[in-house]
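The values are calculated or read from the model by the stated rules, or taken from the named source; none is laboratory data. All of these numbers come straight from a predicted model, not from anything done at the bench. Quick reminder, even Gly has a Cβ in these numbers, built from the backbone with ideal geometry, and neighbours come from all protein chains shown.
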Amino acid sequence: MVLMIPRAAAALARGYLNRRAGSLVPGAGFSVPHVMRTRCGLLDVDSFGHMNNAAYFTHCELARWQLIAEVGALTVMQRERLIFLVGSTVTRFRREVQPFQPFEVHTQMLGWDERSMVYEHNIKLSADSPPLSQTLCRAVIKSKGKLVSPEDFFAAMGLPSELIESRRGTMEGNETVAAFAALDAAQKASAAAA
C-alpha cells in the first residue's frame, strides 16, 4: 500500500499534465480507448521472473487514475466530494509480461447502468497487438454514502450530451458484460449463502 501512494500520485500528475498540455484524444476512455504507456518494474516481478498477477491489477488501477485526471473527472470528484469505488474485477491472463518490458494499458468504458460503470482494460505491447491480459472492472461513484448515477457524474464532468447519448445502452447485448454480470451475481449469491 505504501508503494501504491506515490505510484497513484504519479499517475494523477501525468493525467493532469496531459490535460493541461491538451494532448487528450477526444472521447478517450469513453468512445475510444485511453492509452497509458508504462513498463514492468522491478517491484512488479515475482519469483517466476515475470510480472506478478497482482501487478496487472495495479497497472489497471493506475491507468484509471491517470484517465480520471486526464478527462477532468478528478476535479469534479474533489469539488463534489465524490469517491470512485471498485466493486468487482475479473481478469483473463493470456501472455506474460517480462521484467522491464514496456507495454500499454488500453482503458475504455464498455457501458453503464443506473448504478455502476463497467471498464475494460487491455494490456498490450502496442495498439495493434493482441492483449496480454483483459480485465473488466465494475465501479460506482458515491457521495456521502449514496450512489451517484453515472449519467449525473458525466453531466457534472461536462461531457457532451451527444457523446453520452451515443454510448447509452452499450452494455445491453454485450456478451462480455453479460457474462461478467452473471459471475458477479453468482458470487453475491455464494457469499450470501456462506
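So, Val76, is that one more than 27 Å from Arg92 (Cβ to Cβ), β-branched (Val, Ile, Thr) and crowded, with 17+ Cβ neighbours inside 10 Å or not?
Numbers: more than 27 Å from Arg92 (Cβ to Cβ): yes; β-branched (Val, Ile, Thr): yes; crowded, with 17+ Cβ neighbours inside 10 Å: yes.
Considered against the rule, which asks whether it is more than 27 Å from Arg92 (Cβ to Cβ), β-branched (Val, Ile, Thr) and crowded, with 17+ Cβ neighbours inside 10 Å, Val76 comes out as yes.
Of the listed requirements (1) over 19 Å from Ser88 (Cβ atoms); (2) without any contact (Cβ under 8 Å) to a residue 40 or more places away in the chain, Arg167 misses just one: (2).
Can you name the residue in the range 96-117 that is closer than 20 Å to Asp128 by Cα and hydrophobic (A, V, I, L, M, F, W, C) and is also farthest from the chain's Cα centre (by Cα) among such residues? That would be Val97.
Given the condition in contact (Cβ under 8 Å) with a residue 60 or more places away in the chain and among the basic types (Lys, Arg), answer yes or no: does some residue in the range 182-193 qualify? Within the range 182-193, none of the residues are in contact (Cβ under 8 Å) with a residue 60 or more places away in the chain and among the basic types (Lys, Arg). Give the residues of the range 51-91 that are farther than 27 Å from Met171 by Cβ, out of contact with any Lys or Arg (no Cβ under 9 Å at 6 or more places or on another chain) and not in a strand (DSSP E or B), sorted by residue number. Listed by number, the residues that qualify are Asn52, Ala54, Ala55, Gln78, Arg79.
Scanning the range 166-184 for residues that are acidic (Asp, Glu) and more than 13 Å from Gly111 (Cβ to Cβ) yields one hit, Asp184.
Mind counting the residues in the range 155-167 that are exposed (fewer than 12 other Cβ atoms within 10 Å of the Cβ) and charged (D, E, K, R)? Qualifying residue count for the region: 2. Pairs meeting the criteria (first residue in the range 137-155 and free of Cβ contacts under 8 Å to residues at least 12 places away in the same chain and at negative phi, second residue among the aliphatic types (A, V, I, L, M) and surrounded by fewer than 18 Cβ atoms within 10 Å (Cβ to Cβ), beta carbons under 8 Å, at least 6 apart or on different chains) are Phe154/Ile164; Ala155/Ile164. If you go through the range 92-126 and pick out every residue that is of a type in the set (Ser, Thr, Tyr), part of a loop (DSSP other than H, G, I, E, B) and at pLDDT 95 or above, you end up with 1. Scanning the range 1-49 for residues that are within 14 Å of Glu61 (Cα to Cα) and exposed (fewer than 14 other Cβ atoms within 10 Å of the Cβ), we see that the one that is nearest to the chain's Cα centre (by Cα) is Arg37.
Results for (1) assigned to a helix (DSSP H, G or I); (2) at pLDDT 90 or above, shown as yes or no for each residue.
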| site | (1), (2) |
| --- | --- |
| Asp128 | no, yes |
| Gln134 | no, yes |
| Leu147 | no, yes |
| Asp152 | yes, yes |
| Leu159 | no, no |
| Ser166 | yes, no |
| Gly173 | no, no |
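Per the conditions (1) assigned to a helix (DSSP H, G or I); (2) more than 23 Å from Ala54 (Cβ to Cβ); (3) small (Gly, Ala, Ser), the sole criterion not satisfied by Ser190 is (2). On the basis of being surrounded by 19 or more Cβ atoms within 10 Å (Cβ to Cβ) and aromatic (Phe, Trp, Tyr), does Phe103 make the cut? Taking the combined requirement at face value, the residue satisfies it.
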